[in-house]
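Note sheet for the following structure.
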Amino acid sequence: MADYLPLIASHNSMEIVYLPFVLLGLAFLTCWKSREKGVWAGFAFLSVVSAYFLGNVTLLGVLILSGWALLWAIYSRLVSSRWQKLVFAILIVLSYGFKFHLFSGFQPLAITPRFLLGMESPWIGLFSLALFVPLALTGKEWREALTKGLWLTVAGIAAMILLAAASRTVAFEVHLPTFALIRYLHNLVLVSISEEAFYRGFVQEQLSTWLPNTRWGKGCALVSASLLFMLAHSYWSPNPMILAYTFLAGLLYGGVYMLSGRIESAILCHFLLNAIHMTFFSYHAM
């Protein structure tokens, strides 16, 4: 495992240390406005440059991110199913290098001893969002995204809360998280959007196109993506019960995505569940 020594955010430089993360967040968000013009790529480039000068990313990290971008560019141009499946598998394997912090060249920013902002994990979802995932652009598409999967979002989150509380996996603790605004924004843009773009918009969707167009095929794609999603969180929490609920959460997000046909629905579901967890229940990373 790569060295993972956090940079400490000092009060004197509090604003500037967030610059790489703000720029990376803008790379994600501008995909909804001007993806075809490549504005997202400009913000992504500026994020890496600023991260390099601020010490979040070393030259080796820049090279790793460049190789990651190249792989996505290659994948987007492949027409042979055999080669496409090979690069698809490579992308999934390498995504764990980012999620498990196995690559040298990245230094997280420590907001608190348990709240670290890392530069590598969000990158798993940026290129899938920018290159492959259909996004809501019109008012009608946004209405579909916000309403079609809403009942499953509400019912699923309620069921998850009841199960987790009944099993005592989490404890009921009403509190505003430390650095609440940063946590919520980070979780929405650099966690929920990134992970949903990759695991649902890319992995689940791509598996669905390769498997038979039946309920069995779509179900296998849903379960497979949820298992990969759960495995990615084993670094975040090795607790078997937490991982079991992470798998169930993956099924919920994937189900909402299948029902609505919109990645925005899955992102909303993901963020709401995380926000409720952080605000109303025990959370190990506070």
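Observations on the model:
- Answer from Phe98, Phe88 - the residue that is out of contact with any strand residue (DSSP E or B) (no Cβ under 9 Å at 6 or more places or on another chain), at pLDDT 95 or above and hydrophobic (A, V, I, L, M, F, W, C): Phe88
- Residue selected from the range 95-109 under the condition in a helix (DSSP H, G or I) and either touching a helix residue (DSSP H, G or I) at 6+ places or on another chain (Cβ under 7 Å) or among the acidic types (Asp, Glu) (or both), by the criterion nearest to Gln206 (Cα to Cα): Ser95
- Residue check, Ala249 closer than 22 Å to Arg143 by Cβ and buried (at least 20 other Cβ atoms within 10 Å of the Cβ): no
- One residue stands out in the range 192-211 among those that are of a type in the set (Val, Ile, Thr) and farther than 17 Å from Trp40 by Cα: the one that is surrounded by the most Cβ atoms within 10 Å (Cβ to Cβ), namely Val203.
- Candidates Glu144, Glu120, Glu36, filtered to the one that is within 20 Å of the chain's Cα centre (by Cα) and of a type in the set (Asp, Glu): Glu120
- Scope the range 139-168; condition part of a loop (DSSP other than H, G, I, E, B) and either without any contact (Cβ under 8 Å) to a residue 60 or more places away in the chain or among the aromatic types (Phe, Trp, Tyr) (or both); matching residues: Arg168
- Between Leu86, Leu70, Leu116, Leu91, the distinction of being outside any loop (DSSP other than H, G, I, E, B), within 25 Å of Ala180 (Cα to Cα) and not assigned by TED's automatic domain parsing to the domain that holds Tyr283 belongs to Leu116 only.
The values are calculated or read from the model by the stated rules, or taken from the named source; none is laboratory data. Note that this is a predicted model, so its numbers are computed, not measured. When we count neighbours, we look across all protein chains shown, and the Cβ atoms used for this are built from the backbone with ideal geometry, even at glycine.
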